[in-house]
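Visitor: Below you'll find the structure I mean.
Every read-out reported here was derived from the displayed coordinates using simple, explicitly stated rules and does not represent laboratory data. Predicted, not measured: the structure shown is a model, and the values here were computed from it. Every residue, glycine as well, gets a Cβ built from its backbone with ideal geometry; the counts of neighbours run over all protein chains shown.
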Amino acid sequence: MSALRMNDSGLGAQWRVVAAPAAMGSAIAVIELVGENTGDIDVAARSLGLGEIRVGAYRLKQFADVDTGIAARWSERSLHLMPHGGPALMRRLCQWLRDAGISEANQLPTWSDVVQAHPEARSEVEAATLWCMSAAASPGAVDVLLRQSELWKGRDPRGLRAHDKRFRDRVLHRLIEPATVLLVGAANVGKSCLLNALTGRTVSIVSDVAGTTRDHVGILTVCEDVTIRLIDTPGLRQTQDAVEAQAQKIAAKLWNQADLVLWCGDAAHGFCDIGDLTRDTARVLRVGTRRDLGTTSEPVDCSVSSVTGEGVRELRFQIAERLVPRSVRQAPVPWRFWAGLIADQD
């Protein structure tokens, strides 16, 4: 029901759609490739013509000669493909995966499967809570999930939810599937240092030479009790370097797909132009970096110093609050938390 099995072609990786546009309210879909053994993802990527994608990297790739999207390698055994999500395109991409010899992962468990797996549960919702607990990436999911049995009393968990609750469901789903957070800004404003400060370890290469970050560096980290995928993108500047220009092109595509953008600027460089994204205030946090060297004259949501640590804790709190506000978590409203993890129909 949940174990991956070697498919008939001998490839150990399997695929599944983990974020369909209709379900998540987005124009971008997410297809996950999961490998049973180390090396399975590398073999699958080559069979799809994607080439090498190292762990922690994003690449702009051609999918089946019909779409251009993002391929993100989160671990040795996990690769996400993020194409545009039209129904006809998704059908074509699913067939592309099958033609490459990669089999579809086992279907989602049914409610009957879940109830049978947890005979100790006192209700269907409690069984689903136990089932989904292990899939939740964020520590903050536990308290919210444990309240669901009480909140669902007298309600049919298999029934359709009211339309006005779907946004709340999508927000809370970030406790199950980590949200993507991008660091965006001009070259040399301290984005890589900030990523290292937020994660508490050295992840990004830090240098005073503009253009050092020519690739995307990604890592899972926890802000307060919310797990996020934090991505350091190349600094935005005019460049004749083809590799750096390509990396900036990928960064621009990622802006519209990210759940939250940390728009970074410092006293020396200010805030670079990020176009229409500046008006999307719900998805953008203005972060003044290098606070120890002076503060920018422009308004910011948070001012930080990666050297002294000032403001870093406050920024972690603001990131968590923007992605999954405590008011949403604490509202006494049932959450359809099993979406994408348990089949709605037996």
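Visitor: Could you go through segment 33-43 in sequence order and give the Karplus-derived ³J(HN,Hα) for each residue, using 6.51 cos²θ - 1.76 cosθ + 1.60 with θ = phi - 60°, rounded to whole Hz, and x for Gly and Pro?
Guide: Result, ordered by residue: 9, 10, x, 7, 10, 4, x, 4, 5, 4, 5 Hz.
Visitor: So if each residue of separation counts as 0.36 nm, and I subtract the Cα-Cα distance between residue 256 and residue 170, what length gain in nm does that give?
Guide: 29.3 nm
Visitor: Points 7 angstrom from Cα along the Cβ direction at residue 55 and residue 282: gap in nanometres?
Guide: 3.6 nm
Visitor: Take peptides 183-190, 53-60 and line them up by average Cβ neighbours within 10 Å, highest first, as a rough protection proxy.
Guide: Highest mean packing first, the order is 183-190, 53-60.
Visitor: In whole Hz, what ³J(HN,Hα) sequence does segment 61-73 give by Karplus (6.51, -1.76, 1.60; θ = phi - 60°), x for Gly and Pro?
Guide: 10, 8, 9, 6, 6, 10, 7, 10, x, 9, 10, 10, 9
Visitor: Once both labels are modelled 7 Å past Cα along the beta-carbon direction, what's the residue 317-residue 91 spacing in nm?
Guide: 5.1 nm
Visitor: Please give the net charge around residue 260, taking every other residue with its beta carbon less than 9 angstrom from that of residue 260, where Lys and Arg add +1 and Asp and Glu add -1.
Guide: Summing Lys and Arg as +1 and Asp and Glu as -1 gives +1.
Visitor: Next question, about the same structure. Nearest 0.05, what FRET efficiency do residue 343 and residue 268 give at R0 = 41 Å with Cβ-Cβ as r?
Guide: Calculated transfer efficiency: 0.15.
Visitor: Still on this model: What is the list of residues in segment 307-346 whose amide nitrogen lies under 11 Å from a point 7 angstrom out from the Cα of residue 130, following Cα to Cβ?
Guide: Residues passing the 11 Å test: none.
Visitor: Using the beta-carbon distance between residue 333 and residue 122 and R0 = 35 Å, what value does 1/(1 + (r/R0)^6) give for FRET efficiency, to the nearest 0.05? Don't jump to the answer; show the numbers that get you there.
Guide: Working: r = 21 Å, r/R0 = 0.60.
Plugging the Cβ-Cβ distance into 1/(1 + (r/R0)^6) gives 0.95.
Visitor: Positive end of the dipole of segment 14-104, charges at C-beta (+1 Lys, Arg; -1 Asp, Glu), about the Cα centre: which of 35, 63, 101 has its Cα farthest in that direction?
Guide: It is 63.
Visitor: Let me ask something else about it. Summing Lys, Arg as +1 and Asp, Glu as -1, what charge do residues with Cβ under 12 Å from the Cβ of residue 228 carry, residue 228 excluded?
Guide: Values: positive: 174, 229, 316, 322; negative: 177, 224, 225, 259.
Result for the local shell: 0.
Visitor: Around residue 284, which amide H atoms from residues at least 5 apart in sequence, or from another chain, sit under 5 Å from its own amide H, with H modelled in the peptide plane?
Guide: 261
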